[in-house]
Amino acid sequence: MCLVAQSQPLNSGALFLIFPVGAEAVGMGQTGVALDGRSEAVFWNPAGLATLEDKEFALHTATLAAGRTHVVSAYFPSSRLGVIGGAVYLVDYGDLESTDSSGATVGRLSPRNFEFLASYATAVGGTVALGVNYKLVQFRNDCSGNCGEAPSGEGVTHALDLGGQFALGPEQALRIGVALRHIGFALQVQNKEQADPLPARLAVGARYRIGLRPLGDDGERLDLRVAADFDSPWGNYEDAEMRLGFDLGFRELIRLRGGYAFVEDGLSGPSVGVGVASGSIGVDLARSFLSGTELVVSNPTFFSFRVTF
């Protein structure tokens, strides 16, 4: 008989879709619905892609309790067509050993989640942005050797994200976003009864940019960006969750961030972050301080690297 040394990830077929992606949004308390000017916006509200000014290639990683997440993305703005591009998202839960009655390893299970995104966003009239993601979502549990009764298999489903953003006020200082995420079919791996429904959510958020006092005679000044997001499971608005964040810095050269996520699913708690940029290269780091969770390590670190060209 074959025994698995570790349990399988709980509801691993679709649960990974709620994990936050991108160090800027995480550093600001997981507020991303009104995020603009960065390709990481695609995981919070695809409409945020419409404000990309340059082509962008980005990498994102984070540490979970059972493994790591990795994202590779590339997006290309066009003055006539809008912004198009895509991303690949991997959650690697590591290898789980199967042993026989004597404790010898006889097999290995390799659970993985994949998400493949194709995105399009466009600006309308300079103040309105619209975006959509098509997503292929996959769960794989590959076995090498003898895995006995341990479950293995593969499931694939399809989903959409729809989003809009609206810029208001002088210099478009206020940005409001609305996003409907993970709308699609249940992810079936073993059978219909065990299919994992996708965590469809409706989210609303806002960011407001405040210019502070000039640093010198050249008029350059710090600015403060404050953000708030509210979201809830689609069709169950009584369980709404809130996220708050701020971002203080000088242009994009140096940014200091903080926030708090008042959410369920073990992802509640404060976070801090920092971002630096020089020329075409930018790096963001964030750390969350979570408690009472089995989904991620207690103090996960998020790293983002981007190159514009």
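The values are calculated or read from the model by the stated rules, or taken from the named source; none is laboratory data. The structure presented is a predicted model; accordingly, all values stated were derived computationally and were not measured. A quick note on method: Cβ atoms are made from the backbone with ideal geometry, for glycine too, and the neighbour counts reach across all protein chains shown.
Taking the criterion of being within 19 Å of the chain's Cα centre (by Cα), surrounded by fewer than 18 Cβ atoms within 10 Å (Cβ to Cβ) and at pLDDT below 95, the residues of region 225-250 that qualify are Ser232, Pro233, Trp234, Ala240.
Only residues that are in a strand (DSSP E or B) and surrounded by fewer than 24 Cβ atoms within 10 Å (Cβ to Cβ): list them for region 24-58, please.
Within region 24-58, Phe57, Ala58 qualify.
Is it the case that region 289-296 has a residue that's modelled with pLDDT of 90 or more, within 17 Å of the chain's Cα centre (by Cα) and of a type outside the set (Asp, Glu)? No, region 289-296 has no match at all.
Being in contact with a Lys or Arg (Cβ under 8 Å, 6 or more places away or on another chain) and acidic (Asp, Glu) is the filter; apply it to region 226-245 and report the residue that is farthest from Ala41 (Cα to Cα). Across region 226-245, the extreme among qualifying residues is Asp231.
Every test in (1) free of Cβ contacts under 8 Å to residues at least 24 places away in the same chain; (2) of a type outside the set (Phe, Trp, Tyr); (3) in a helix (DSSP H, G or I) is passed by Ser102 save one, and that test is (3).
Whenever a residue of region 23-41 is without any contact (Cβ under 8 Å) to a residue 60 or more places away in the chain, its partners that are small (Gly, Ala, Ser) and assigned to a helix (DSSP H, G or I), lying with C-beta atoms within less than 7 angstrom and at least six residues away or across chains, give the pairs Ala41/Gly48.
If only residues of region 87-99 that are out of contact with any Ser or Thr (no Cβ under 6 Å at 6 or more places or on another chain) and free of Cβ contacts under 8 Å to residues at least 40 places away in the same chain are counted, the one that is farthest from Gly153 (Cα to Cα) is Val88.
May I ask you to verify whether Arg80 is more than 17 Å from Gly273 (Cβ to Cβ) and in contact with a Gly (Cβ under 7 Å, 6 or more places away or on another chain)?
Working: more than 17 Å from Gly273 (Cβ to Cβ): yes; in contact with a Gly (Cβ under 7 Å, 6 or more places away or on another chain): no.
In short, no.
The residues in region 129-187 that are closer than 30 Å to Ser101 by Cβ, out of contact with any Leu (no Cβ under 7 Å at 6 or more places or on another chain), of a type outside the set (D, E, K, R) and in a strand (DSSP E or B) can be counted, and the count is 3.
Examine region 107-117 for a residue that is assigned to a strand (DSSP E or B) and either out of contact with any strand residue (DSSP E or B) (no Cβ under 9 Å at 6 or more places or on another chain) or within 12 Å of Asp161 (Cβ to Cβ) (or both), and state whether such a residue exists. Yes; the residues of region 107-117 include at least one that is assigned to a strand (DSSP E or B) and either out of contact with any strand residue (DSSP E or B) (no Cβ under 9 Å at 6 or more places or on another chain) or within 12 Å of Asp161 (Cβ to Cβ) (or both).
Output the strands (runs of 3 or more DSSP E) that fall wholly within region 239-292 and possess 1 or more residues being of a type in the set (Lys, Arg), or say none.
On the way: elements: 241-250, 254-262, 269-278, 281-288.
Per the criteria, 241-250, 254-262, 281-288.
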